[in-house]
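The values are calculated or read from the model by the stated rules, or taken from the named source; none is laboratory data. The model shown is predicted, which means the values in this text are computed figures rather than measured ones. With ideal geometry, Cβ positions are generated from the backbone for all residues, glycine too; neighbour counts draw on all protein chains shown. Please note that ligands, DNA and RNA were not included when accessible areas were found on the heavy atoms of the full protein model with its side chains. Shrake-Rupley method; radii C 1.70, N 1.55, O 1.52, S 1.80 Å.
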Amino acid sequence: MAKTGTTTQGLRAAIERSGYYPALVAEAVEAAVGGEPVSSYLVHQETTFDSNEVRRHVTVLVLTGNRFIVSHTDEQAADTTSPAPYATTSTESVKLDRISSVVVSRVVANPEKYVPGTLPREVVLTIGWGAVSRIDLEPAACGDPNCEADHGYTGNTTADDLSLRVSEAGDGPDTVRQTLAFAQALSEATAAADR
């Protein structure tokens, strides 16, 4: 389930509608937002199955005039550190001019029949601001098939701070639409911050 919008009151209502520890999530997000007006937001709840347990996770993305705020909240079962189940919530605030990439990957069925405006069946929103990078390395080689020299390694570094996947089948068409709307608002805001 995802909700998007443009007001602080709407953000609070979307968090409450998610039903996922709304008081905890709202307090953390509102503290991070402070007094800034909200330009856009996205609330996405995800349920995963881990062995014999069902785990829930909520991600709240907020765009203000100056910052991008991301909040994650996870629930944990009782364990050796806590005799009762508990939740962990974290927020990160990123200045808009620090965002280096906003990647929107769309999965479209029957691309030969695609009509502009048709919703993709899946969207992956990846946002990078340099806090987390993924390095993919492989042995380097030269063009000589008989060469046995060590040419070191070659690879790629990819900014991968946040990746959010939604699908029409799992989350519904409104969630896909809302994710695209938030991605567009974030892209426009980061472009304006670069000017």
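As a summary of the residue check, residue 36 satisfies the conditions (1) assigned to a strand (DSSP E or B); (2) of a type in the set (D, E, K, R); (3) within 22 Å of residue 181 (Cα to Cα) except for the one numbered (1).
Looking at region 90-144, the strands (runs of 3 or more DSSP E) lying wholly inside it that each contain 3 or more residues that are of a type in the set (D, E, K, R) sit at 133-139. Candidates 145, 83, 173, 120: the one that is out of contact with any helix residue (DSSP H, G or I) (no Cβ under 6 Å at 6 or more places or on another chain) and either closer than 30 Å to residue 193 by Cβ or open to solvent by less than 40 Å² (accessible area, probe 1.4 Å) (or both) is 120.
Within region 58-80, restricting attention to residues that are more than 22 Å from residue 166 (Cβ to Cβ) and either open to solvent by less than 10 Å² (accessible area, probe 1.4 Å) or hydroxyl-bearing (Ser, Thr, Tyr) (or both), the residue that is nearest to the chain's Cα centre (by Cα) is 64. Tell me which residues, restricted to region 42-57, are open to solvent by 10 Å² or more (accessible area, probe 1.4 Å) and under 18 Å from residue 163 (Cα atoms). Once the filter is applied, which keeps residues that are open to solvent by 10 Å² or more (accessible area, probe 1.4 Å) and under 18 Å from residue 163 (Cα atoms), region 42-57 yields 45, 46, 47, 48, 56, 57.
Residue pairs whose Cβ atoms lie under 8 Å apart, sitting 6 or more positions apart in sequence or on different chains, and linking a residue in region 20-40 that is under 13 Å from residue 67 (Cα atoms) to a partner that is hydroxyl-bearing (Ser, Thr, Tyr) and assigned to a helix (DSSP H, G or I), are 33/8; 37/8; 38/8. Checking the structure you have, find out if any residue of region 99-111 is modelled with pLDDT under 95, over 23 Å from residue 124 (Cα atoms) and not aliphatic (A, V, I, L, M). No, every residue in region 99-111 fails to be modelled with pLDDT under 95, over 23 Å from residue 124 (Cα atoms) and not aliphatic (A, V, I, L, M). Listed by first and then second residue, the pairs linking a residue in region 176-195 that is under 11 Å from residue 40 (Cα atoms) to a residue that is part of a helix (DSSP H, G or I), with Cβ atoms under 7 Å apart and 6 or more places separating them unless they lie on different chains, are 189/96.
Within region 135-155, does at least one residue satisfy the condition of being more than 20 Å from residue 61 (Cβ to Cβ), at pLDDT 95 or above and in contact with a Phe, Trp or Tyr (Cβ under 9 Å, 6 or more places away or on another chain)? No - not one qualifying residue is present in region 135-155. More than 27 Å from residue 24 (Cβ to Cβ) and of a type in the set (Asp, Glu): does that describe residue 92? Here the answer is no, as residue 92 does not meet what is asked. A search for C-beta distances below 6 Å between a residue of region 62-81 that is within 18 Å of residue 21 (Cα to Cα) and of a type in the set (D, E, K, R) and any residue that is at pLDDT below 95 and open to solvent by less than 50 Å² (accessible area, probe 1.4 Å), counting only pairs 6+ apart in sequence or on different chains, returns 74/57; 75/87.
So if I check each of 26, 31, which one is among the hydrophobic types (A, V, I, L, M, F, W, C), open to solvent by 70 Å² or more (accessible area, probe 1.4 Å) and not in a strand (DSSP E or B)? Explain how you work it out, then say what you get.
Working: 26 fails: open to solvent by 70 Å² or more (accessible area, probe 1.4 Å).
Exactly one residue qualifies, and that residue is 31.
Considering every residue within region 56-69, establish whether at least one is among the small types (Gly, Ala, Ser) and in contact with an Asp or Glu (Cβ under 8 Å, 6 or more places away or on another chain).
For region 56-69, residues among the small types (Gly, Ala, Ser) and in contact with an Asp or Glu (Cβ under 8 Å, 6 or more places away or on another chain): present.
Give the number of residues within region 86-97 that are closer than 23 Å to residue 180 by Cβ and either more than 16 Å from the chain's Cα centre (by Cα) or open to solvent by less than 50 Å² (accessible area, probe 1.4 Å) (or both). Full working, then the answer.
Within region 86-97, the first condition is being closer than 23 Å to residue 180 by Cβ, and the residues that meet it are 92, 94, 96.
If we keep only those that are either more than 16 Å from the chain's Cα centre (by Cα) or open to solvent by less than 50 Å² (accessible area, probe 1.4 Å) (or both) too, we end up with 94, 96.
Total meeting the criteria: 2.
For residue 165, are the conditions met, namely being open to solvent by 40 Å² or more (accessible area, probe 1.4 Å) and closer than 30 Å to residue 48 by Cα? In short, yes.
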